[in-house]
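S.K.: My structure is below; once you've seen it, I'll send some questions.
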Amino acid sequence: MSGENKVTVRVEVVIEGAGDAARVTTVERPTFAPHAGGLVKPLLIITPTPSSNVPVYIIGGKNCIEATGTSPVVMGSYALKVWAMAYPSPYVDPRQSGLSSPPYGAVSDTPTGSGGWSFTRAKGNAVPGAGLGGPSGAPNSTLVVWYDFGGSTPLSVVDL
């Protein structure tokens, strides 16, 4: 939607002629901050908050966390479905291969009429994959949330 995301594209056009030699221009992929550049705002993840001390629960032999948030609005609608997965590292790059869609093992939820979603033990869809906390309190995991709008799956990321 207009005003939610902004993409700036710069194009250089070279026209040969009048004795000028052809020039080659290398266009580099722009560098993005870990939570920017086409990603949904991490603030749509309400809990856990970035760099927070997140309780980890062992469920079925897997480290799991709980998470809540709100779906973004795309073309006037909330996401049809939301998936989540935690990774036991604070260095997960959301642009890396394999993160364009939810992986096997990601849990899902259907947003409410107001766009809210939740992954909880009570609902049986707690988020698997988190690392256990250490004594330093430094971030040790990354939560990735995917939003399905019927063809595209933008994602939110927060370091825990």
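S.K.: What are the residues in region 52-103 that are among the aliphatic types (A, V, I, L, M) and touching a Pro at 6+ places or on another chain (Cβ under 7 Å), if any? Can you show your working first?
M.R.: Step one: of region 52-103, the residues among the aliphatic types (A, V, I, L, M) are 54, 56, 58-59, 65, 67, 73-75, 79-80, 82, 84-86, 92, 99.
Across region 52-103, the qualifying residues are 54, 65, 67, 79, 82, 85, 86.
S.K.: If we keep just the residues of region 52-65 that are surrounded by fewer than 17 Cβ atoms within 10 Å (Cβ to Cβ), over 19 Å from the mean Cα position of the chain (by Cα) and touching a residue at least 60 places away in the same chain (Cβ under 8 Å), which is farthest from residue 150 (Cα to Cα)? Lay out the reasoning, then the answer.
M.R.: Of region 52-65, the ones surrounded by fewer than 17 Cβ atoms within 10 Å (Cβ to Cβ) are 52-53, 55, 57-62.
Add one more test, that the residue is over 19 Å from the mean Cα position of the chain (by Cα), and what stays is 53, 55, 57-62.
Subset that is touching a residue at least 60 places away in the same chain (Cβ under 8 Å): 53, 57, 59, 62.
Working: 53: 34, 57: 32, 59: 31, 62: 30 Å.
Step by step, filter region 52-65, then rank; the result is 53.
S.K.: If you go through region 44-56 one residue at a time, do you hit one that is touching a Cys at 6+ places or on another chain (Cβ under 8 Å), under 20 Å from residue 140 (Cβ atoms) and modelled with pLDDT of 50 or more? Explain how you work it out, then say what you get.
M.R.: At the first step, the residues of region 44-56 found to be touching a Cys at 6+ places or on another chain (Cβ under 8 Å) are 56.
So of that shortlist, the ones also under 20 Å from residue 140 (Cβ atoms) come out as 56.
Filter once more, so that each one left must be modelled with pLDDT of 50 or more: 56.
Among the residues of region 44-56, at least one is touching a Cys at 6+ places or on another chain (Cβ under 8 Å), under 20 Å from residue 140 (Cβ atoms) and modelled with pLDDT of 50 or more, which makes the answer yes.
S.K.: Select from region 66-113 the residues that are among the aromatic types (Phe, Trp, Tyr) and crowded, with 17+ Cβ neighbours inside 10 Å and write down the one among them that is nearest to residue 149 (Cα to Cα). Explain how you work it out, then say what you get.
M.R.: Residues of region 66-113 that are among the aromatic types (Phe, Trp, Tyr), as a first pass: 78, 83, 87, 91, 104.
Right, trim to crowded, with 17+ Cβ neighbours inside 10 Å and you get 78, 83, 87.
Numbers: 78: 7, 83: 12, 87: 24 Å.
Once the filter is applied, the top-ranked residue is 78.
S.K.: Residues being at pLDDT 95 or above, surrounded by fewer than 17 Cβ atoms within 10 Å (Cβ to Cβ) and not small (Gly, Ala, Ser): count how many of those fall in region 121-137.
M.R.: Count: 2.
S.K.: Test residue 140 against the stated conditions and say whether it is at pLDDT 95 or above, surrounded by 12 or more Cβ atoms within 10 Å (Cβ to Cβ) and in a loop (DSSP other than H, G, I, E, B). Let's see the steps before the verdict.
M.R.: Numbers: at pLDDT 95 or above: no; surrounded by 12 or more Cβ atoms within 10 Å (Cβ to Cβ): yes; in a loop (DSSP other than H, G, I, E, B): yes.
Spelling it out, it is not the case that residue 140 is at pLDDT 95 or above, surrounded by 12 or more Cβ atoms within 10 Å (Cβ to Cβ) and in a loop (DSSP other than H, G, I, E, B).
S.K.: Consider residue 132 carefully, then state whether it is under 19 Å from residue 53 (Cβ atoms), of a type outside the set (Lys, Arg) and not in a strand (DSSP E or B).
M.R.: yes
The values are calculated or read from the model by the stated rules, or taken from the named source; none is laboratory data. As the structure is a computational prediction, the values presented were derived from the model and not from experiment. Positions of Cβ are backbone-derived with ideal geometry, glycine not excepted, and every protein chain shown enters the neighbour counts.
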